[in-house]
Amino acid sequence: MSSYCDFSIGNEIHGPYHDRVHGYPTDSEPDLFERLLLEINQAGLSWDLMLKKREGFRAAYSDFVVDKVAAYGEEDRARLLDDPGIIRNKLKVNAAIVNARTILAMRNSHGGFAAWLRVNHPRRKADWVKLFKKTFQFTGGEITGEFLMSIGYIPFAHREECPVFAEIALLNPPWMEIESSFWE
């Protein structure tokens, strides 16, 4: 089975994301929101396109500051749907705004998005998918799985022989806290 590592290492577009972002655990709310937003927008499209538009997303969505995106209104929706630097899909734009509001609410209910993730850990992927479908908009199995893999909550972001795997292992991502049989 091929892996992201197989074609990312040394690749001009994928290499930097593979080497410094993918699979690395984070509690940063803007980082978590960015990864969720990019995974949602990738649905039906290529990851290559998402990485090429990553800076466009950053600019369009206020550096992924949840408070700002949660406050977006109709003018902002229209601006986003007219922005060639991002994916101009009404359902995905609406999901970004609604999901920002959901994350904002998590501050009151759990102390934030990172805390919400921690309190729901560990879960198998299928259980995460159910929870994400109940909590967020536009999050199916693939989107949820890729998001959780990208932030270190489920394994397999990197092959064990990938040099990045060893770097991430030193950070003790959440999935490593669980017996390996849990993931089988």
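Could you check how many residues of the stretch 66-122 are surrounded by 19 or more Cβ atoms within 10 Å (Cβ to Cβ) and under 24 Å from ASP48 (Cβ atoms)?
8
Take the stretch 64-82 and flag every residue that is of a type in the set (A, V, I, L, M, F, W, C), in contact (Cβ under 8 Å) with a residue 24 or more places away in the chain and not in a helix (DSSP H, G or I).
Once the filter is applied, which keeps residues that are of a type in the set (A, V, I, L, M, F, W, C), in contact (Cβ under 8 Å) with a residue 24 or more places away in the chain and not in a helix (DSSP H, G or I), the stretch 64-82 yields only VAL65.
Do we have ALA96 as within 25 Å of ARG20 (Cα to Cα), of a type in the set (A, V, I, L, M), within 15 Å of the chain's Cα centre (by Cα) and in a helix (DSSP H, G or I) here?
yes
Take the residues in the stretch 123-155 that are under 13 Å from the mean Cα position of the chain (by Cα) and of a type in the set (Phe, Trp, Tyr); name whichever of them is surrounded by the fewest Cβ atoms within 10 Å (Cβ to Cβ).
Among those residues, the one meeting the criterion is PHE136.
Loosely packed, with under 13 Cβ neighbours inside 10 Å, over 23 Å from LYS133 (Cβ atoms) and modelled with pLDDT of 95 or more: is that true of ARG54 in this structure? Please lay out each step first, then the result.
Values: loosely packed, with under 13 Cβ neighbours inside 10 Å: no; over 23 Å from LYS133 (Cβ atoms): yes; modelled with pLDDT of 95 or more: yes.
So ARG54 fails the test.
With respect to LEU36, is the statement that it is in a helix (DSSP H, G or I) and in contact (Cβ under 8 Å) with a residue 12 or more places away in the chain true? Step through it out loud before you land on a result.
Working: in a helix (DSSP H, G or I): yes; in contact (Cβ under 8 Å) with a residue 12 or more places away in the chain: yes.
Against the criterion (in a helix (DSSP H, G or I) and in contact (Cβ under 8 Å) with a residue 12 or more places away in the chain), LEU36 qualifies.
Could you list, in sequence order, all residues of the stretch 103-117 that are over 15 Å from the mean Cα position of the chain (by Cα), assigned to a helix (DSSP H, G or I) and not small (Gly, Ala, Ser)?
Within the stretch 103-117, LEU104, MET106, ARG107, ASN108 meet the criteria.
Taking into account only those residues within the stretch 136-184 that are of a type in the set (Val, Ile, Thr) and not in a helix (DSSP H, G or I), which is farthest from SER46 (Cα to Cα)?
ILE178
The values are calculated or read from the model by the stated rules, or taken from the named source; none is laboratory data. Just so it is clear, the model here is predicted, and its values are computed rather than measured. Positions of Cβ are backbone-derived with ideal geometry, glycine not excepted, and every protein chain shown enters the neighbour counts.
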